[in-house]
Amino acid sequence: MIDAFKTIARRGLFLFDAETAHGMSIAALKSGLVPGCALKADPRLAVTVAGLEFPNPLGMAAGYDKNAEVPDALLRLGFGFAEVGTLTPKPQAGNPKPRIFRLERDLAVINRLGFNNEGHAAALARLLARRPSGIVGVNIGANKDSVDRIADYVEGIRRFS
């Protein structure tokens, strides 16, 4: 059943360009259409790093959930942690499209999005509204047009710490 769903979902998403498919996957997670994973945590997979206890070492890296819209949905899928962003102080559009390219034969993607995101304030509001259910990291960056890139990073550290 899961293999059939996976095959149908993949074929359906591949009907769209990569960036549209990415947006659709975020929308599906936000809507609850994608069920969580009912796997029981296996203590053999637990990892402690820098005093943080992860249920498993597999996480979702920054770049997928750019605006902190679905970190808890990702954790419910079984990830040991989710990282949101990259988030910049001010919203920015990122690079011109197309900017995500599929390498189907290599089962890979090239991402040239350019830190498109809604900015610190929007993401922070979402993160503060959530009921903590696991480890969520925040990846910070500088705005493309910043006059002081170091200050952008300092602002991100202050805001999200």
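The values are calculated or read from the model by the stated rules, or taken from the named source; none is laboratory data. All values reported here derive from a predicted model rather than from experimental measurement. We place every Cβ from the backbone using ideal geometry, glycine too, and count neighbours over all the protein chains shown. When the accessible area is computed, the model is the full protein with side chains, heavy atoms only, and any ligands, DNA or RNA have been set aside. Shrake-Rupley method; radii C 1.70, N 1.55, O 1.52, S 1.80 Å.
General remarks:
- Length released on extending from residue 144 to residue 21, taking residue separation times 0.36 nm less the Cα-Cα span: 41.7 nm
- Of the residues 93, 55, 82, the one whose Cα sits farthest toward the positive end of the charge dipole of the stretch 26-124, with +1 on the Cβ of Lys and Arg and -1 on the Cβ of Asp and Glu, is 93.
- On the basis of the beta-carbon distance and an R0 of 30 Å, residue 31 and residue 103 show a calculated FRET efficiency of 0.55.
- For the chain: lysine pairs under 20 Å (alpha-carbon distance), excluding those fewer than 8 apart on one chain: 7
- Pairwise label distance in nanometres, residue 154 with residue 53, each label 7 Å out on the Cα-Cβ vector: 3.7 nm
- Using a probe radius of 1.4 angstrom, the carbon and sulfur fraction of the accessible surface of the chain is 61%.
- Label selected from (1) 120; (2) 142; (3) 133, the criterion being volume of the Cα convex hull per residue in Å³ as computed here: (2)
- Between the stretch 109-160 and the stretch 16-39, the C-alpha centres lie 21 angstrom from each other.
- The gain in end-to-end length when the residue 8 to residue 110 segment is fully stretched comes to 34.4 nm, 0.36 nm per residue minus the alpha carbon separation.
- Label point distance in nm, residue 46-residue 129, each placed 7 Å from Cα along Cα→Cβ: 3.3 nm
- The stretch 1-150 - accessible surface per residue (Å², probe 1.4 Å): 65 Å²
- Per residue, the chain reaches -10000 deg cm²/dmol at 222 nm when only DSSP H runs of four or more residues are counted, each adding -39500 (n - 2.57).
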